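Working notes for the structure below.
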Amino acid sequence: MSHHRIHRRIAAAVVLVAASSGLVACSSDSSGTGASTADGVTTLKLWTHNGGNAQELAINKQVVADFNASQSKYKVDLQAFPQASYNDAVTAAAAAKKLPCVLDIDGPNVPNWAWAGYLAPLDLPEETFKDQLPSTMGKVDDKVYSFGHYDVALNMAVRKSVLTTIGVRVPTIDKPWTRTEFDAALAKLKAGGKYRYTLDLGTSGTGEWLPYAYSPLLQSFGGDLINRSDYKSAADVLNGPKAIEWATWMRSLIANGYMAQKSGADGTVDFVNGKTAIVYTGSWAADAITKKYGGDVAFVPPPDLGNGAKIGGGSWQWGLSSDCAAKDGAREYLKFSAQTKYFVEYSQKLGLIPGNTAAVDQLPNFAADGKYRVFLELAQKYAVVRPVTPAYPFISTTFQKACQDILAGGDPKKVLDKATSDIDNNIKSNGDYQF
Amino acid sequence: MAVDVAVRAGRPGVPRVLLQLGRIVLMLVFSLPILFMIVSSLKPDTQIFSDLTSLRAFLPVGHISLDNYRGVFERVPAAQFLLNSVMVSVVTVAVGIVVNSLAAFALSRMRWRGRRIVLAAIIATLIVPFETLALPLVWWVNKLPWLELNGFSLVLSDGWLDTYRVQILPFIANAFSIYLFYQFFSSIPTELDEAARVDGASWFGIYRRVVMPLSGPAVATVAILTFLPAWNSYLWPLMVVQSEAKRPVMVGIQYFFQLNVAWGQIMAYSAMITVPVLVLFVAFQRAFVNSIASSGVKG
């Protein structure tokens, strides 16, 4: 038999099998819109940034398991992504129209994702959020797009014994260091010769750390990332005299030898190992620091640099995608997850500030004499939410570059003028980011 | 080889001891980071940092344990990620060698109109960075159909996202591999083809029985140069793979960059994902160097 004949027979057999099995059908894969239905059960996809964060992921999974067990109409299917690459994964999925139904979002990104059409308003009854802390709500254009179970608080960790030995006052929540006091404390610590660098502001940090950590210092000087009256321009607030003063001061911390131009990879580890005297970090580091120094450690507000002490506010929150094919199911889930017991769970297991005042009553750590009370008070007293504007991601990346240039010794006025002009041009070219 | 001869004879004016010293310094420059990674993977985080200022950073001293490796498996599905990457990389390499060598064979051995234009067009694609194609490619793979077996029926599904094929198929045809094979094939005398033709060989027979058996170094080089980007692939799987079950190793490293970074676990995970690459390179090293030397390609 010739090869050609064999080939023809094989081809015929393939066609026959295909035809007899029949039904070469087109499937409409409804999972592309974050939900699919089979046997009367609608499966909703949920994405979280907690891949690799075992503790928080365990709570996410618990809430999902509880919801799945509580009813039989919907089933939530959780997919975890590592935080560092989460935003890129969401952006790619949005471009492909393959967003899940429920997803978590870093607070400052909510306005942009709402404006870009990734998110739909939650449209949940108002009483769902009656006890919610304002910094844990993603409210844009008067609509609630997201809510979070917790918040975090930046602070400066210091050792009381180290400060009192050199005659420096230990600041309190009500009375932070003034700029003069802070500068003097740094000089005294440096003169003591015990520390190569007395202060760790996390200068090796990248990405969102830079605006999260340094824009409150800028605001404490009297500047800001954008003029919040209409969110249309950064002129005068990001490149005015106060902002230039902030930038000059930041650089002087390096020039005076108080802090490294590029700090160690992990500020908490350096502080715990006694390499630095003051570390600017978040409430997430409290356990590791307390474990080492016990009652000798104090978590204090950043200094009041002229316009009051400030810290960043807003953490991860849950939202609903606008592509979701089963919005009712997603809302059911979100409402279920907004029970006070889950706020308690997140706070208890992770040591984070509960996003719901009703939960505070059930958390001894946040009671008047609780070990984490200080973070709640810091958040309540000093938190400033990052600008609620769809322009925020651009503002953030522009400010990141400006911070790095300033720390590297760039001319403050030139750097901030450039950042301001970039931000203003971006806002203008996006039609003021109108909804 | 000319290079070997020069080295064996010693360069004029350079004393042998200096040459050896230079080699030792070079060896240390390249091997110390790997040694640091492996040693640090056995230490707790605090010790990694306290050892940094001394030679202890490169020595397995202090509190040594496999805790970081245990931590890696608790934090990420590392075995699944490794398996996925092995599967994606091996298939990409195997199919890539066949497809690219066939294309290069057609370009270098067969005479047809427009051959040079096609070759130029293929080489021209080398200047387009993948990042510029990534988003349009996502759009395309999201629209592409696929035939799936569902029971006894063939079902036409839409979209390749979150599959193994989306991590493999776009990277099979590779302009650089085609060019490398093309260069190598061009160095094989065409008289061999003519002899094979006289013996009744078809074009495919010449490819399979004459050209490919003589192209071991080129195959080894293409294997390494295809394997490395497939193994190191990060941006693309990040964009197109959504479930952990299909995620490759490089995306996995991001799992360790939490607010409190687990440096020991990062070192352990890095050691685990570096070993297969080192093994592959050592296995193909001789052929790889031969091919680079003969084709004049610089890495």
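The values are calculated or read from the model by the stated rules, or taken from the named source; none is laboratory data. Computed from a predicted structure; not experimentally measured. Methodologically, a virtual Cβ is constructed for each residue, glycine included, from the backbone with ideal geometry; neighbour enumeration extends over all protein chains shown. To get the accessible areas, we keep the full protein, side chains included, count just its heavy atoms, and leave off ligands, DNA and RNA. Shrake-Rupley method; radii C 1.70, N 1.55, O 1.52, S 1.80 Å.
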Whole-Å distance, taken between Cα centres, linking region A:135-210 and region B:80-97: 47 Å
For region A:128-144, take each phi angle, set θ = phi - 60°, evaluate the Karplus expression 6.51 cos²θ - 1.76 cosθ + 1.60, and give the result in whole Hz per residue in order, putting x for glycine and proline. 4, 10, 5, 9, 6, 5, x, 5, 9, 10, x, 9, 10, 6, 6, 10, 8
The answer for residue A:145, listing residues at least 5 apart or on another chain whose modeled amide H is closer than 5 Å to its amide H, is A:122, A:138, A:139, A:140
Anything in chain B that counts as a DSSP H helix reaching 20 Å or more along its axis (C-alpha) with Kyte-Doolittle mean of at least 0.0? List them, would you? B:16-40, B:78-108, B:216-232, B:263-295
Using alpha carbon positions and the Kirkwood radius, the Rg to Rh ratio of region A:62-153 is 0.96
By how many degrees, between 0 and 90 and to the nearest 10, does the Cα long axis of helix A:241-255 differ from the longest principal axis of chain A? 80 degrees
Mind checking the log10 I(q)/I(0) for the protein assembly as shown at q = 0.05 Å⁻¹? Debye, one equal scatterer per Cα, no solvent, two decimals. -0.33
Helix A:3-21 versus the longest principal axis of chain A: what is the Cα-based angle in degrees, 0 to 90, to the nearest 10? 80 degrees
Cβ-based charge dipole, the protein assembly as shown, positive-most Cα from B:44, B:226, A:51: B:226
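Rounded to the nearest 500, what is the 222 nm mean residue ellipticity of the protein assembly as shown from helices alone, with -39500 (n - 2.57) per DSSP H run of 4+ residues and division by all residues?
Numbers: 30 runs with 373 residues, N = 734.
The helix contribution divided over the protein assembly as shown gives -16000 deg cm²/dmol.
What accessible area, summed over both chains, is buried at the B-A interface (1.4 Å probe, Å², nearest 100)?
On the way: alone 17610 and 19530 Å², together 34240 Å².
Adding both sides of the contact gives about 2900 Å².
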Diffing region A:221-238: the Karplus 3J(HN,Hα) column from phi (6.51, -1.76, 1.60, θ = phi - 60°), in whole Hz with x for Gly and Pro, holds 7, x, x, 6, 7, 7, 6, 7, 6, 9, 6, 10, 8, 9, 4, 6, 8, 9
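Gain in length, residue A:187 to residue A:37, computed as 0.36 nm per residue apart minus the alpha-carbon separation, to one decimal in nm?
Values: separation 150, 0.36 × 150 = 54.00 nm, distance 6.55 nm.
Length difference between fully extended and current span is 47.5 nm.
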Accessible-area order for B:63, A:149, largest to smallest, probe 1.4 angstrom, reads B:63, A:149
Nearest 10 degrees is fine. How inclined is helix A:412-429 to the longest principal axis of chain A, computing both from alpha carbons? 30 degrees
Considering amide H positions built from the backbone, and no H for Pro or chain starts, which residues 5 or more places from residue A:233, or on another chain, come under 5 Å of its amide H? A:227
Under 5 Å from the placed amide H of residue A:77, counting only residues 5+ away or on other chains, we find A:44, A:45, A:46
Averaged across the residues of B:233-243, what count of C-beta atoms belonging to other chains lies within 10 Å of each residue's C-beta? 4
What are the ³J(HN,Hα) couplings of region A:180-186, residue after residue, when phi is run through the Karplus curve with 6.51, -1.76, 1.60 and θ = phi - 60°? Round to Hz, x for glycine and proline. 4, 5, 5, 4, 5, 4, 5
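Given a 1.4 Å probe and every protein chain left where it sits, what share in percent of the accessible area of region B:76-295 is carbon and sulfur? Intermediate results must be reported in sequence, preceding the final value.
Values: 7390 of 10580 Å².
Carbon and sulfur together cover 70 percent of it.
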Local electrostatic count at residue B:254 - Lys and Arg +1, Asp and Glu -1, tallied over other residues with Cβ under 13 Å: 0
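To the nearest whole number, what is the average tally of beta carbon atoms from other chains within 10 Å of the beta carbons of peptide B:147-160? Please report the intermediate quantities before stating the final value.
On the way: counts 2, 1, 1, 4, 2, 5, 7, 8, 6, 4, 5, 5, 6, 0.
If you average over the peptide's residues, the count of other-chain Cβ atoms is 4.
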1.4 Å probe accessible area per residue over the protein assembly as shown, in Å²: 47 Å²
Can you pull the three principal axis extents for the Cα set of region B:76-295, in Å, largest first? 67, 45, 37
Could you list log10 I(q)/I(0) for chain A at q = 0.09, 0.12, 0.13, 0.14 Å⁻¹, which the Debye formula gives when each Cα is one point scatterer? -0.63, -1.02, -1.17, -1.32
What percentage of the solvent-accessible surface of chain A, computed with a 1.4 Å probe over protein heavy atoms, is contributed by carbon and sulfur atoms? 52 percent
For the pair residue B:235 and residue A:174, how long in nm is the line joining their label points, each one 7 Å along Cα→Cβ? 5.5 nm
tail above 22 Å in the computed P(r) of region A:274-356, as % of all Cα-Cα pairs, reads 51 percent
In nm, to one decimal, how far is the modelled label at residue A:55 from the one at residue A:349, with both set 7 Å along Cα→Cβ? 1.1 nm
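State which entries of A:175/A:371; A:73/A:327; A:188/A:291; A:190/A:292; A:97/B:246 exceed 25 angstrom in Cα-Cα distance in the structure shown.
On the way: A:175/A:371 19 Å; A:73/A:327 13 Å; A:188/A:291 27 Å; A:190/A:292 23 Å; A:97/B:246 20 Å.
Exceeds cut-off: A:188/A:291.
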Round to the nearest 0.05 the FRET efficiency obtained for residue B:150 and residue B:87 when R0 = 22 Å and r is the Cβ-Cβ distance. 0.45
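Only four residue types carry charge here, +1 at the Cβ of Lys and Arg and -1 at the Cβ of Asp and Glu. Report the dipole size of the protein assembly as shown about the Cα centre in Debye, rounded to the nearest 20. Write down the numbers at each step before the final one.
Details: 66 positive and 56 negative charges, 496 e Å.
Taking the Cα centre of the protein assembly as shown as origin, the dipole is about 2380 debye.
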Ranked from highest to lowest mean number of other Cβ atoms within 10 Å per residue, what is the order of the peptides B:91-98, B:135-142, A:321-328? A:321-328, B:91-98, B:135-142
Just counting partner chain Cβ atoms within 10 Å, what average do the residues of peptide B:248-256 show around their Cβ? 4
Charges on Cβ only, +1 for Lys and Arg, -1 for Asp and Glu, centred on the Cα centroid of region B:3-114; of B:76, B:114, B:53, which one is farthest towards the dipole's positive end? B:114
